[in-house]
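Structure first, then comments.
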Amino acid sequence: MNGEGTGGPSADRREFLRSIGRAGALALAGLAAARLAPRGRGGRDGQTCVNRGVCTGCDAFDECVLPAAISRKAAAGPTLTGGGPTPPAR
Ligand code: SF4
């Protein structure tokens with residue numbers, strides 16, 4: 001009465017356990033892929049942030065291609081540089 005060999009509840013249980021195993025394997029593969037993927041704060045074109053994401057005054061700002069620097073350059077326009085304070089307005 002346990003359903004063995006009849007395709008009954010035991011077969012359903014086995015298929016359920018197999019599907020859990022497949023889902024677990026897929027989850028592990030996804031985690032491994034996410035771990036191996038390039039990160040947003042480093043590794044892009046081999047560059048790593050040297051100033052903890054504080055672009056103001058960063059010596060690397062002019063040549064920096066990291067997302068924080070690109071956003072800051074885009075927001076401020078083409079004349080912005082990272083070195084030194086902004087000159088006072090006259
Ligand atoms: S410019 Fe900004 S993103 Fe680039 S290294 Fe300096 S702090 Fe980091």
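The values are calculated or read from the model by the stated rules, or taken from the named source; none is laboratory data. Everything numeric here is computed off the predicted structure, so don't read it as measured data. No Cβ is skipped: glycine too gets one built from the backbone with ideal geometry, and neighbour counts run over all protein chains shown.
Quick notes
- Residues located in region 50-71, provided they are buried (at least 19 other Cβ atoms within 10 Å of the Cβ) and either touching a Leu at 6+ places or on another chain (Cβ under 9 Å) or small (Gly, Ala, Ser) (or both): CYS55, PHE61, ALA69
- Residue count for region 1-60 satisfying the condition of being over 16 Å from the mean Cα position of the chain (by Cα), hydrophobic (A, V, I, L, M, F, W, C) and modelled with pLDDT under 60: 1.
- For region 49-77, filtered to residues that are outside any loop (DSSP other than H, G, I, E, B), free of Cβ contacts under 8 Å to residues at least 12 places away in the same chain and among the small types (Gly, Ala, Ser), the residue that is nearest to the ligand (Cβ to nearest atom) is SER71.
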